[in-house]
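Trainee: Please see the structure below; I have some questions.
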Amino acid sequence: MICAEGLYFSYTGTAPYILKNLYFSAEDGDYISILGSNGAGKSTLVKLLLGLLTPLKGIVSVNEKRIAFVPQTNDLADSQFPITVREMLDSYRRLLKIKDRDRTEQALEAVGMQAMSDRLISALSGGQRQKVFIARGILADPSLLILDEPSAGVDVDSRKEVYSYIKKLNTEKSVTILSVEHNLEAAVQNSTAIYHMSEGSGHMCRPETYRRELLFANGGIIR
């Protein structure tokens, strides 16, 4: 589904590179968490995969048209613009030229937000907002869902619900998941593979291997 080979990228077009000689791949049905310190190039990689940026060198191939992206932050949610949950999803549904109005209700039901459908987006908690933006993502019935730190600003209880639903999409709907993560425990628990980035490149490993490395590095504690 996804293949990136020999990627080089910088926002200036010259060295030093944010990404350098990076290789990445994902198959249908994978759940890959992308981990690494701030500045490792995680968000830049996602933008290249989404086609929002063009690599200076290398090849990006994404053989999938039904792609949804759930960003970490949303200007509309953070503002006081008076739009309700249902209004926002309906607007996005029309933008996608989906005529079936039931799709909005189905998306809300899927993430357990029907009761909040008439609430203003700006009045929701972090966890509730994240569920709404996941609902927006699944309106298009994607086969690939890319998320940027889905637990950012989300309380503990809502965090469990968000990850439970993402995992359900992966296991029951066969949606391929790519998730930029800082939540190490969630990444280890939910992923089929972890892609760890450092200094502009990365390597793929199994979650249990990554857990052992973390335990060793952190004195027996996953931080």
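Values in this text are rule-based calculations from the coordinates and carry no lab data. From a predicted model like this one, the values you see are computed outputs, not experimental measurements. Counting neighbours? That spans all protein chains shown, and the Cβs are built from the backbone with ideal geometry, glycine included.
Trainee: What ³J(HN,Hα) values, in whole Hz, does the Karplus curve 6.51 cos²θ - 1.76 cosθ + 1.60 give for segment 162-174 when θ = phi - 60°, with x put for Gly and Pro?
Mentor: 4, 5, 4, 6, 4, 5, 5, 4, 6, 7, 9, 10, 6
Trainee: For a Förster distance of 22 Å, can you work out the FRET efficiency between the beta-carbons of HIS182 and THR209, rounded to the nearest 0.05?
Mentor: 0.70
Trainee: At a 10 angstrom cut-off on C-beta neighbours, averaged per residue, how do the peptides 201-207, 184-190 rank from highest to lowest?
Mentor: Ranked from most to least packed, the peptides come out as 184-190, 201-207.
Trainee: In addition: Working from the pairwise distances between different alpha carbons, so that the mean of 1/r is found and then inverted, what is segment 94-183's Kirkwood radius in Å?
Mentor: After inverting the pairwise mean of 1/r, the radius is 13.6 Å.
Trainee: Next question, about the same structure. Could you list the trypsin sites (Lys or Arg not before Pro) in segment 85-186 that lie in coil according to DSSP, counting only those with at most 15 other Cβ atoms within 10 Å of their Cβ?
Mentor: LYS97, LYS99, ARG101, ARG119, LYS173
Trainee: Quick one: which residues, 5 or more positions from GLY36 or on another chain, have an amide H under 5 Å from its amide H? H modelled 1.01 Å from N in the peptide plane, none for Pro or chain starts.
Mentor: Result for GLY36 returns MET197.
Trainee: Applying the Karplus parametrisation 6.51 cos²θ - 1.76 cosθ + 1.60 with θ = phi - 60° to the phi angles of segment 89-97, what ³J(HN,Hα) value in whole Hz is obtained for each residue in order, glycine and proline being reported as x?
Mentor: Result, rounded to whole Hz: 5, 5, 5, 5, 4, 5, 4, 7, 6.
Trainee: Output wanted: per-residue J couplings in Hz (rounded whole) for segment 7-13, from phi through Karplus 6.51 cos²θ - 1.76 cosθ + 1.60, θ = phi - 60°, x for Gly and Pro.
Mentor: Rounded to whole hertz, the list is 6, 10, 7, 8, 6, 8, x.
Trainee: Please provide three numbers in whole Å: the alpha-carbon extents of the chain along the principal axes, with the largest listed first.
Mentor: Computed over the chain, the largest-to-smallest principal extents equal 47, 41, 33 Å.
Trainee: For every helix of n ≥ 4 consecutive DSSP H residues, a contribution of -39,500 (n - 2.57) applies; sum these over the chain, divide by its total residues, and give [θ] at 222 nm rounded to the nearest 500 deg cm²/dmol.
Mentor: Result for the chain, helices only: -10500 deg cm²/dmol.
Trainee: In whole percent, what relative contact order does the chain give with Cα contacts below 8 Å and a gap of six or more residues?
Mentor: Answer for the chain is 29 percent.
Trainee: Here's another thing I want to ask about it. Cα centroid distance between segment 14-73 and segment 79-148, in Å?
Mentor: Taking the Cα centre of each part, segment 14-73 and segment 79-148 sit 25 Å apart.
Trainee: Using a Förster radius of 25 Å, what is the FRET efficiency between ALA123 and SER198 based on their Cβ-Cβ separation? Nearest 0.05, please.
Mentor: 0.05
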